[in-house]
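Worksheet for the structure shown next.
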Amino acid sequence: MVLARRKVVYMLLVATLVLMLSPFGWLLISAFKDPSELRAVPIHWWPHHPTLENFHLALTLFDFLGYARNSLTIAGIYSVLITLASAWAGYGFARLSGPGKRIIFGLMLSTMMTPQIITLIPTYLLFARGGLTNTYVPWVLWGLAGAPYLIFLFRQFFTNMPKELEEAAIIDGCGQIRIFWRIFLPQSWPVIATSLVLSFSWSWGDYISPALLLDDDRTTLAVKLATGYVNEHGSGLYTVVGAGAILYILPSLVLFLILQRSFVAGTATSGLK
């Protein structure tokens, strides 16, 4: 009976996995097709004559690497700053005392329920009046402000760390800043890795903010992918779009593969050794 249940569970998991991966699989297959095969009726499930020309066009129809560099610059600055700012704020909520701390923490968490689209126009007006459009300063400011979800993650992690670490550091003459940088932050590498992956993905995949704040020469790869692959008649080159999308997701995928071990590595008590 138990074995039968396990088989049913495994079959459901495999079916769910196939369902979730099928769009990506179709994208990957389409990237190797000729345009005529993509429009063929009945459907060609597999390319009859696989070609790498779509990938060549994806890299050459516009300055793919240049826009990728813009995206990497923005995503790198944003992910590092927001991780450090969120860690510092999470440390404050977890280990420091102050009047109204719980109320402030609750108000911060409530901002996660606010759709980003509501603040889009006011944010644009603030940056436009401050002369910050077509610069990367907005991403620096967003990074320094931290993110409620990441602050919550760091706060939960720091709350569960043993108080003996903090007490031993205070006896040695450490202040709060030094305790954070020397003891708590190095112990929180699993959360740091999670924060880096999430924040990098947020910035790398963002379309609205770069389209609104940046000119064409400084915009990101996400914006250019939406408009750059067209023929002389303005029609979309969908096989090239598929190839470009495959290349586009590689940085996020590589970052995840590098940091995936850190999601479960380390414990809060490892500093007691």
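Restricting the range 206-233 to residues that are under 20 Å from Ala31 (Cα atoms) and not β-branched (Val, Ile, Thr), the residue that is modelled with the lowest pLDDT is Asn231. Criterion applied to Ser252, Ser195, Ser188 was being of a type outside the set (A, V, I, L, M, F, W, C), closer than 24 Å to Thr119 by Cα and open to solvent by less than 50 Å² (accessible area, probe 1.4 Å), and the one residue passing it is Ser195. Of all residues in the range 223-237, those that are open to solvent by 40 Å² or more (accessible area, probe 1.4 Å) and over 25 Å from the mean Cα position of the chain (by Cα) total 7. Ser201 falls short on exactly one of the conditions (1) open to solvent by less than 20 Å² (accessible area, probe 1.4 Å); (2) in contact with a Ser or Thr (Cβ under 6 Å, 6 or more places away or on another chain); (3) not β-branched (Val, Ile, Thr), and that condition is (1).
Would you please list the contacts, defined by Cβ atoms under 6 Å and residues six or more apart or on different chains, that run from a residue in the range 235-256 that is free of Cβ contacts under 8 Å to residues at least 24 places away in the same chain to a residue that is open to solvent by 30 Å² or more (accessible area, probe 1.4 Å)? Going by the 6 Å Cβ cut-off, the qualifying pairs are Gly236/Val230. Cβ-Cβ distances below 6 Å connect the following pairs, each with a first residue in the range 123-136 that is in contact (Cβ under 8 Å) with a residue 24 or more places away in the chain, a second residue that is in a helix (DSSP H, G or I) and open to solvent by 40 Å² or more (accessible area, probe 1.4 Å), and a separation of six or more residues or different chains: Tyr124/Leu212.
For Tyr91, indicate whether it is closer than 30 Å to Leu250 by Cα and either under 22 Å from the mean Cα position of the chain (by Cα) or in contact (Cβ under 8 Å) with a residue 60 or more places away in the chain (or both). So Tyr91 does not fit the description; no.
Name every residue in the range 203-222 that is touching a residue at least 40 places away in the same chain (Cβ under 8 Å) and in a helix (DSSP H, G or I), in order of residue number. Passing the criteria: Ser203, Trp204, Ile208, Ser209, Pro210, Leu212, Leu213, Leu221, Ala222.
As for the range 73-83, it holds no residue that is free of Cβ contacts under 8 Å to residues at least 12 places away in the same chain and either open to solvent by 70 Å² or more (accessible area, probe 1.4 Å) or touching a helix residue (DSSP H, G or I) at 6+ places or on another chain (Cβ under 8 Å) (or both). Taken over the range 140-165, the criterion of being within 11 Å of Ala89 (Cα to Cα) and of a type in the set (Lys, Arg) is satisfied by Arg155 alone.
Within the range 183-198, residues that are closer than 13 Å to Leu153 by Cα and part of a helix (DSSP H, G or I) reach partners that are open to solvent by 20 Å² or more (accessible area, probe 1.4 Å) and of a type in the set (Phe, Trp, Tyr) with beta carbons closer than 7 Å, at six or more positions or on different chains, in the pairs Pro190/Phe263; Val191/Phe157; Ala193/Phe263; Thr194/Phe263.
The values are calculated or read from the model by the stated rules, or taken from the named source; none is laboratory data. Note that the structure is a prediction, hence the values are computed from the model and not measured. Positions of Cβ are backbone-derived with ideal geometry, glycine not excepted, and every protein chain shown enters the neighbour counts. Ligands, DNA and RNA are stripped out before the accessible areas are found, and what is left, the full protein with its side chains, is counted by its heavy atoms. Shrake-Rupley method; radii C 1.70, N 1.55, O 1.52, S 1.80 Å.
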